[in-house]
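The next block holds one structure in the form of structure tokens; read it before the comments.
Values quoted throughout were computed directly from the atomic coordinates according to the rules given, and no laboratory measurement underlies them. None of the values given here were measured: they were computed from a predicted structure. A quick note on method: Cβ atoms are made from the backbone with ideal geometry, for glycine too, and the neighbour counts reach across all protein chains shown.
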Amino acid sequence: MVDKMDNSEEYNKIIEAGKIASQVRGEALKLVKPGAKLYDVAEFVENRIIELGAGVGFPCNISLNDIAAHYSPSHGDETVFSEEDVVKLDLGAHVDGFISDTAVTIDLSGKYSDLKKASEDALNTVIKEIVPGINVGEMGKIIQEVIESYGYRPISNLSGHVMHQYSLHSGVSIPNVYENTKDTIDVGDLVAIEPFATDGFGQVTDGKDVYIFKYLRSRPVRLPAARNLLRNVEQNHAYLPFSERDMAKIDAHYKAGLKALMMAGVLYGYPTLVEREHGIVSQSEHTVLITENGVEVTTK
């Protein structure tokens, strides 16, 4: 939350993080084409964010087709984009912990333009309706109605989220369907809004793969590789999520180290999120700052 937005230091950092994420999103879009490696795009995104003077808010997500989120290419990942892919590119930057979060869908197949429009239109429509103090359940209702008007289903168990400094998910969620809740967003809130639309069931389930991690607490571990990774995590990733790729650059035995840290309760692993009936998924996301006059889209 930002208490004083007029030319405040925090405000300027929020705006800068948004501008950098928006620029990198535009540059990365040009790299998403058949035959290109997902790994190369993810590395470009994260390196470019740093090059422009920000930090990586979370690992670049590049989720294909029925995968809705949390796929971040692993070390040595040889997966390439195909002409049939529907790609969700989700990236984030931060300036001193003030985060921007944005996502876009690229339909390489050319078959899902309406599905792509459904999530985009839902995002743009709900942003126009935001006023200080708006009930988040009513925001979900707007998103749901727009997506359903295209003949698709919103994903009910995915949501947007309020962000605080160095905290990507800070309590209040922005549902993609109507919910009976008293939760609101108000002046000073920094909010990631991310409608997901699908031609499937409308829910995601946990996949078997984990590529993104979050530090929980320090605990003693015996494995040398785990201790090595833990030192790096505590120094460089204590607050925001990080990727398997980050750890592969630290220790050759990173897989064993990550497994040991998860078993010890030091790390939480985010599983890939897959549409329940393997329907195709689209996603559109912006970060908005709630002001006295409405909203300011930081990632436009």
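General remarks:
- Near PRO271, once Lys and Arg are set to +1 and Asp and Glu to -1 for all other residues with Cβ below 12 Å from its Cβ, the sum equals -1.
- For q = 0.17 Å⁻¹, Debye-computed log10 I/I(0) when each Cα of the range 142-300 counts as one equal scatterer: -1.06
- Among MET163, MET263, sorting on how many other beta-carbon atoms sit within 10 Å of each Cβ, with the fewest leading, yields MET263, MET163.
- Relative contact order of the range 170-292, pairs being alpha-carbon contacts under 8 Å that are 6 or more residues apart, as %: 46 percent
- Karplus-derived HN-Hα couplings along the range 93-98 (A = 6.51, B = -1.76, C = 1.60, θ = phi - 60°), whole Hz, x at Gly and Pro: 10, 9, 10, 6, x, 8
- For the range 209-273, the Kirkwood estimate of the hydrodynamic radius, built from every pair of different alpha carbons, is 11.4 Å.
- Here the label points at THR79 and VAL131, each 7 Å from Cα along the C-beta direction, are separated by 4.3 nm in the simple model.
- Ranking of LEU108, LEU230 by neighbouring Cβ atoms within 10 Å, starting from the fewest: LEU108, LEU230.
- Projecting label points 7 angstrom from Cα along Cα→Cβ for SER109 and HIS164 puts them 4.1 nm apart.
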